[in-house]
Amino acid sequence: MRNRTSSRWTQRFAAATTGAVIVLSVQAAAADDKQACLDSYDKAQTMRQAGQLIEAHQALLVCVRNVCPAIIRRDCTQWLGEVEEATPSVVISAKRPDGQDAVDVTVTVDGKPFVSQLDGKSVPINPGVHNFHFEFEGAEPIDQRIVISEATKNRPISVEFKAAGKEPEAGGTAGEAPTEQQGQGTPGQDMGTSRRKPPTLAYVLGGVGLAGLGGLTYFGLKFDSELNDMDKCKPFCPQSDADHASTTRVLALVSGGVGVVSLGVATYLFLAPPGAAKASVETGSIPRVDVLPLDGGAFGSVRGVF
């Protein structure tokens, strides 16, 4: 009888012990899940702020589980939708040297594996500046630096492979004779710069020319006014009035001559070939302006090498 009683107590104790172990295991698992929820909750926010949207997405998948507290699950669910919307994606395509679609292309991004085969599907990627490296057997590898904008979906990225060892078609090779166009200079070189930047003297003469035309206008109007005054006093006008009017007329003619000739030389410097204009300034053979007042007018001349 005692043996049976002892056996029953032993069974009950074993069952109780087993139940306690199960409860403790469940509680420990629940504690681990809760901690994982908290950790992923914090990591997701940090990664999202750093632009690591793919890593943030993975962390959010942990804290949206039903085992997580309701308040954490609610925030993570909202953030998950926002991260999925902001995560960009790319669709990579490539052409073989023979022009056919390339499939077995290995692509790395920032030195890390990205895809090993092209299938036309979009691939998510973090936003930012990335270094893409494309490799295809029997072809020259290709490197591209690409900016991926946030929330840009299915951005196409296409490359064309060249056969290994093939010389580049554009840009020429070392030792290649310059073409006629290269010999004439390209925009941004000395000749193009000289054409766009005439010598300073051209601007100076242009200003003198405009001032001369302004003087012509001023003295011309003044001369007309003095003639009108002399018409009123004819034939008893003082000789001083006649002399003054004559001086005004000469000043008008001289100003006009200086203006016209200066503008002509300035135009020559603006339109002359860069080498010719520069040589004229450096050697002093720039066209010379001469304006001489004459009785009843003025004489202007330009001398130089054209």
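The values are calculated or read from the model by the stated rules, or taken from the named source; none is laboratory data. Since the structure is predicted, the reported quantities are computational estimates derived from the model, not experimental observations. Methodologically, a virtual Cβ is constructed for each residue, glycine included, from the backbone with ideal geometry; neighbour enumeration extends over all protein chains shown. Side chains are part of the model used for accessible areas, which takes the heavy atoms of the whole protein and leaves out ligands, DNA and RNA. Shrake-Rupley method; radii C 1.70, N 1.55, O 1.52, S 1.80 Å.
Using the Cβ-Cβ distance between residue 242 and residue 211 with R0 set to 35 Å, the FRET efficiency works out to roughly 0.80. The label point for residue 129 and the one for residue 163, both projected 7 Å from the Cα toward the Cβ, are 3.7 nm apart.
The protection proxy used here, the mean number of other Cβ atoms lying within 10 Å of each residue, ranks peptides 81-88, 150-157 as follows, highest first: 81-88, 150-157.
The stretch between residue 46 and residue 146 holds 33.5 nm of extra length on full extension. This uses 0.36 nm per residue minus the Cα-Cα distance. Available extension along the chain between residue 233 and residue 67 is 48.2 nm, counting 0.36 nm per residue and deducting the alpha carbon span.
From most to least packed by mean Cβ count within 10 Å, the peptides 222-232, 110-120 give 222-232, 110-120. Label sites at residue 85 and residue 153, each approximated as a point 7 angstrom past Cα along Cα to Cβ, lie 1.2 nm apart.
On segment 24-141, 51 percent of the accessible area sits on carbon and sulfur atoms, based on a 1.4 Å probe.
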